[in-house]
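K.L.:
Quick one: the structure is below, and I'll ask about it shortly.
The values are calculated or read from the model by the stated rules, or taken from the named source; none is laboratory data. The structure presented is a predicted model; accordingly, all values stated were derived computationally and were not measured. Reconstructed Cβ throughout: ideal geometry from the backbone, glycine too, with neighbour counts over all protein chains shown. Surface accessibility is based on the protein's heavy atoms, side chains included, excluding ligands, DNA and RNA. Shrake-Rupley method; radii C 1.70, N 1.55, O 1.52, S 1.80 Å.
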Amino acid sequence: MDNHFFHLVKYSPWPLLIALNLINSITSVTKFILTSSSLMCFFFFFISVLIMIQWWRDVMRESLYEGFRSLKINYMIGYGMIFFIISEICLFGSFFWMYFYYSLSPDMETGSIWPPFKVTQMSFMDIPLLNTMVLLMSGFFITWAHYDLTMNSFKNSSISLVISILLGIYFLMIQGYEYVNSSISFNDSVFGNSFFILTGFHGLHVMIGLIFLIVMMVQLIEKKFSLMNLNGFEYSIWYWHFVDIIWLCLYLTVYWWGM
């Protein structure tokens, strides 16, 4: 019998596998930038999804069936999620710093103006505004799903969660349409670099958030949540609202102020 409240996890291959796969993913993204070959990007992203599913399966098994989650452990996991989101904020903060640095002091290569000379400006009232409304509505429905769940209305919560997921997928479709029809590319000076890095990394986080929400939807359909066990669902909501806030900052700086 343990004389402490900590949970000493069993040996798991998933942290090492996801770390190695992320290294391969970064290499594949570099190859995509240089050669426009996206096959390896999708392959390693698919492998990451499989590893995440297996890892989350083990975590949920420890919580639901093995009883390793005390109240203090749940608090510690919550703090871990908070620090993870803070680290993500620092990541995007560095990208925004880069954007403001080059936009506030454009060099001669961009014509000393921002956006660079002959770069077609994108109206912030067009596709970007639609994407903003779609993502905000998705955040509203995920919050409503949480409210329904606290009221023990599993059916209404499932409907709201499905709508939120569909809106997130629609957001990615619109973003892809914008990329395909954009008049700029990644190689169009530092303007194209900063635009696609900011929007691309945000899109990647939307994909991760959607995987998180889909896992929670499966849990909800199987009725593995209760008023005493909503931690995973609440963490997914935190992450999704983080994605919302980052997009609002991106919309105001890149599309409205930057254009």
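K.L.:
Just from its helices, what would the mean residue ellipticity at 222 nm be for the chain, if runs of 4 or more DSSP H residues each count -39500 (n - 2.57) and the sum is divided by every residue, rounded to the nearest 500 deg cm²/dmol?
P.N.:
-25500 deg cm²/dmol
K.L.:
Quick one: helix 39-64 against the long Cα principal axis of the chain, what's the angle to the nearest 10°, folded into 0 to 90?
P.N.:
The answer is roughly 30 degrees.
K.L.:
While we're here: Please report the carbon-and-sulfur percent of the accessible area for the chain; probe 1.4 Å, protein heavy atoms only, DNA, RNA and ligands left out.
P.N.:
72
K.L.:
May I pose another question? Expressed as a whole number of Å, what is the distance separating the alpha-carbon centroids of region 75-101 and region 22-57?
P.N.:
For region 22-57 versus region 75-101, the Cα centre distance is 22 Å.
K.L.:
Does anyone have the angle between helix 154-180 and the longest principal axis of the chain? Alpha-carbon axes, 0 to 90°, nearest 10?
P.N.:
Between helix and principal axis, roughly 20 degrees.
K.L.:
Oh, and also: Determine the alpha carbon to alpha carbon distance for each of K155/K223; K72/K223; K10/K223 and list only those over 22 Å.
P.N.:
K72/K223; K10/K223
K.L.:
Rounded to a whole number of µm²/s, how large is the Stokes-Einstein D of region 113-259 at 37 °C and 0.692 mPa s, given Rh as the Kirkwood radius over C-alpha pairs?
P.N.:
201
K.L.:
What angle, in degrees between 0 and 90 and rounded to the nearest 10, separates the Cα long axis of helix 14-35 from the longest principal axis of the Cα atoms of the chain?
P.N.:
That works out to roughly 20 degrees.
K.L.:
Still on this structure, I have one more. Given R₀ = 30 Å, what would the calculated FRET efficiency be for D126 paired with I197, taking r from the Cβ atoms and rounding to 0.05?
P.N.:
Between D126 and I197 the formula returns 0.90.
K.L.:
Still on this structure: Leaving out ligands and nucleic acids, and using a 1.4 Å probe, what accessible area per residue does the chain come to in Å²?
P.N.:
59
K.L.:
Through the Karplus equation 6.51 cos²θ - 1.76 cosθ + 1.60, θ set to phi - 60°, convert the phi angles of region 198-210 into ³J(HN,Hα) values in whole Hz; use x for Gly and Pro.
P.N.:
For region 198-210, the Karplus curve yields 5, 6, x, 5, 5, x, 4, 5, 5, 4, 4, x, 5 Hz.
K.L.:
For a quick check of understanding: with a 1.4 angstrom probe and all protein chains in place, what accessible area in square angstrom does T143 have, to the nearest ten?
P.N.:
In the full protein context, T143 sits at about 70 Å².
K.L.:
Same structure, new question: Under a point spin-label approximation (7 Å from Cα along Cα-to-Cβ), what is the D58-M76 distance to one decimal in nm?
P.N.:
1.7
K.L.:
While we're on this one: Using Cα-Cα distances under 8 Å and only pairs 6 or more residues apart, what relative contact order does the chain have, in percent?
P.N.:
21
K.L.:
What are the ³J(HN,Hα) values, in whole Hz, obtained from phi via the Karplus relation 6.51 cos²θ - 1.76 cosθ + 1.60 with θ = phi - 60°, for each residue of region 237-245 in sequence order, with x given for Gly and Pro?
P.N.:
3J(HN,Hα) across region 237-245, in whole Hz: 5, 4, 5, 5, 5, 4, 4, 4, 5.
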